[in-house]
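The values are calculated or read from the model by the stated rules, or taken from the named source; none is laboratory data. The model shown is predicted, which means the values in this text are computed figures rather than measured ones. Positions of Cβ are backbone-derived with ideal geometry, glycine not excepted, and every protein chain shown enters the neighbour counts. To get the accessible areas, we keep the full protein, side chains included, count just its heavy atoms, and leave off ligands, DNA and RNA. Shrake-Rupley method; radii C 1.70, N 1.55, O 1.52, S 1.80 Å.
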Protein chains: 2
Amino acid sequence: MYNISYVDGIYQNYENSKVNINDRGYHFGDSVYEVVLFNEGIFYDFEGHLNRLFDSLNSINIKFSFSKQSLKIIIKNLIKINRVSFGSVYIQVSRGIAERNHSYKDMNIKPLLSIIITKKQNNLSDEAIGVKAITLNDNRWARPDIKTTQLLPNVLAKTKANNKGAFEGIFIDSEGYVTEGSSSNIWIINNDNEIITRAIDGKILSGITRKSIAKFADLNDLIVKEKKFRKEELYKSKEVFLSSASSFVTPIIEIDNVKINNGEVGEISVELRKLYFKNFTK
Amino acid sequence: MYNISYVDGIYQNYENSKVNINDRGYHFGDSVYEVVLFNEGIFYDFEGHLNRLFDSLNSINIKFSFSKQSLKIIIKNLIKINRVSFGSVYIQVSRGIAERNHSYKDMNIKPLLSIIITKKQNNLSDEAIGVKAITLNDNRWARPDIKTTQLLPNVLAKTKANNKGAFEGIFIDSEGYVTEGSSSNIWIINNDNEIITRAIDGKILSGITRKSIAKFADLNDLIVKEKKFRKEELYKSKEVFLSSASSFVTPIIEIDNVKINNGEVGEISVELRKLYFKNFTK
C-alpha cells in the first residue's frame, strides 16, 4: 500500500489520482515541480527544494497560497499513509484549471497541488557505480533555470541516452560548453584536483544537490570552482560526475564512447558522495 | 449542454473529464495537440490538422493506434452530443500514463487521447478587426516546428502582450528575424503588394491556415513569397497580418506602439480573409 497521492486537497488512491483535462499543466506545461528523496524520516535538502519550488512559482507568476509548513505536513502525512521508508516525493503545482487560452491575464484560477510518493530501491551506498553518458545539443527553451514541466527535450535526451546504453544525456550549448545533464548537474575534476561545475548563469538549474556538494566539499578543504567547460574538457578530465536529488553523486566513466579515468570510478567522486550522505545522517 | 469531452475512450461530463496525474503529458509536456474550427458541419482544414497531428506524433515517437477516420467519427459524434454549431475542437494525445521517469525506453504504455469541444462566438465575418501586437525574443525550445504542449514560453508571451493591451506576441529570433506569433503565423505585405511569410525552416510551425492562405492567394494571382524578414521590416510594411486556425486572417495595425498602415485595416489582408472563408463555404 503505497499508492495514495495528494491531489488538490484530497488524499486519493491511484485510480482516483486525476486532474481535469483543462488543467493548464496538461495543456501548456504551465506548472513547476520538485523531487525530494527521503529515508526513514530524513529528507535530503528538504528546505532547499521547497524554497526553490516557491522561487519557480514566483518566476512564472503562479500565486500559490500554501505555506512551506503546510506542504511539509501534507508530505509527511502522505509518506506515513503510504508506509514508505525509502523513496521520493514528487511535488507539482500547476497554474490551475481554466478554459484553454494561452493568456492567463485576469484569470481567477486556483493553483493545483499534486504530490506523489514513490517507493524506491535504497541506493544510499557509499560505493558508487559508474555510469555512461552521451552528449547532445542543448535544445531547451531559454529558461532552464526555472524548474518547470517544459521537459520534452529532457525526455528525448534521456531516452536517446538510454537507447545508446547510457544513463544520462549531457547538453552542450551552441558555443560548445557543457550546460547540464537532462536531469542532473555535471561536474569535472581536473589534474589539479579542482572540482569544477558551471556557474548559475541562467543556462542551468540551480541544483539543490549541487549546492550542498559544493558546500560540503568546501568545508572539507576541497577546491570547488564555478566556471564553464567545453565538451572536449569532459573527455580529458581526471574524473567526471553528475549530481541530482535522486542520484546524489554518481561518477561518469564513459562519455560518447570515450573512457574517463580509464573507465574507473574516481576517488574524489566517491569522497564527495560519502560527504553528501554523511551530512544528512548525523 | 456543451460540456461533454472525450477522455481515453469515454465520453465524460466536465467534472469527470480527468487524466491520471501520472500522465506524461502532465509531468513532462510529453504530448501533442491540434485545434480545428468548425461551423455547422463544416471543418476548417480538417484533413490538414489531422495530418499534422500524426506528423507531430511521429516526430516524438508516440505510437498512436487510432486512424484518421476513427478520430473524425469521434469528433463529429462529440460535437453532436454537445449540440454546438460554431466552435473549436481541441485534440490532445499524450504518450500515456506511467511511473515518472524521463526516459520512455521500453515503456509499454498506451497513448491517451482527449478531445474538448468549445463553443465560440462566431467570428466568421469578412470585416476584419485590426489588432495590436508586441515583439519579444523567441525563447522557445529548438523544435517549435512540432506542435507539442511545450507552450509555457507562448503562454508567457501572450500574457505579456495582453498585459500591454495587445492581442499577440511576435517572436524575434536571435538574429533579429521574425519567427512567428505565440499562437499564429506572421505575414507582411510590401509596397509591391508581395505577400511575405517565413519559410518552413524548422523555426516555425507549419501552419495549416498559413498553407491554405498561400494556396488561395496563389490561385487568385496574388504574389506570395516565403522568406525571412526583420523586425524593422514589420514596422515599415504596408500591411501586416497574422493567421491561425481560430483567427483566420487578422490584420495587425500596431506593433510595439508603431502604427502599421496608419493604424487602418489593409485591403489585401481583408481580401485574403474573404478568400479563406469563401473556400470553405462553397
Inset, instruction - Could you tell me whether residue A:242 is surrounded by 24 or more Cβ atoms within 10 Å (Cβ to Cβ), farther than 17 Å from residue A:130 by Cα and either small (Gly, Ala, Ser) or within 14 Å of chain B (Cβ to nearest Cβ) (or both)? - result: no
Legend entry - Residue pairs meeting the criteria (Cβ under 8 Å; at least 6 apart or on separate chains; first free of Cβ contacts under 8 Å to residues at least 12 places away in the same chain, in segment B:84-103; second not in a loop (DSSP other than H, G, I, E, B)): B:103/A:155; B:103/A:158; B:103/A:159; B:103/A:161; B:103/A:162
Inset, instruction - Identify, from the list B:68, B:110, the residue that is under 27 Å from residue B:278 (Cα atoms) and away from every other protein chain (no Cβ under 11 Å). - result: B:68
Legend entry - Count of segment A:13-53 residues which are surrounded by fewer than 18 Cβ atoms within 10 Å (Cβ to Cβ) and free of Cβ contacts under 8 Å to residues at least 24 places away in the same chain: 7
Inset, instruction - Within segment A:113-151, work out how many residues are within 11 Å of another protein chain (Cβ to nearest Cβ) and touching an Asp or Glu at 6+ places or on another chain (Cβ under 6 Å). - result: 1
Inset, instruction - Identify, from the list A:163, A:123, the residue that is surrounded by fewer than 20 Cβ atoms within 10 Å (Cβ to Cβ) and closer than 28 Å to residue A:45 by Cα. - result: A:123
Inset, instruction - Working carefully through the options B:193, B:262, find the one that is at positive phi, part of a helix (DSSP H, G or I) and out of contact with any Leu (no Cβ under 6 Å at 6 or more places or on another chain). - result: B:262
Legend entry - Residues of segment B:203-232 satisfying the condition of being of a type outside the set (Phe, Trp, Tyr), open to solvent by less than 50 Å² (accessible area, probe 1.4 Å) and out of contact with any helix residue (DSSP H, G or I) (no Cβ under 9 Å at 6 or more places or on another chain): B:210, B:214
Legend entry - residue A:180 vs. criteria more than 26 Å from residue A:71 (Cα to Cα) and at pLDDT below 95: no
Legend entry - Members of segment B:1-12 that are open to solvent by 30 Å² or more (accessible area, probe 1.4 Å) and closer than 30 Å to residue B:103 by Cβ: B:8, B:9, B:10
Legend entry - Scan of segment A:166-192 for residues that are within 15 Å of the chain's Cα centre (by Cα) and either open to solvent by less than 30 Å² (accessible area, probe 1.4 Å) or free of Cβ contacts under 8 Å to residues at least 24 places away in the same chain (or both), ordered by number: A:168, A:169, A:170, A:171, A:179, A:180, A:181, A:182, A:184, A:185, A:186, A:187
Inset, instruction - May I ask you to say which residue of A:260, A:253, A:200, A:195 is open to solvent by 60 Å² or more (accessible area, probe 1.4 Å) and among the hydrophobic types (A, V, I, L, M, F, W, C)? - result: A:200
Inset, instruction - Check whether at least one residue in segment A:152-173 is β-branched (Val, Ile, Thr), within 9 Å of another protein chain (Cβ to nearest Cβ) and assigned to a loop (DSSP other than H, G, I, E, B), and report yes or no. - result: no
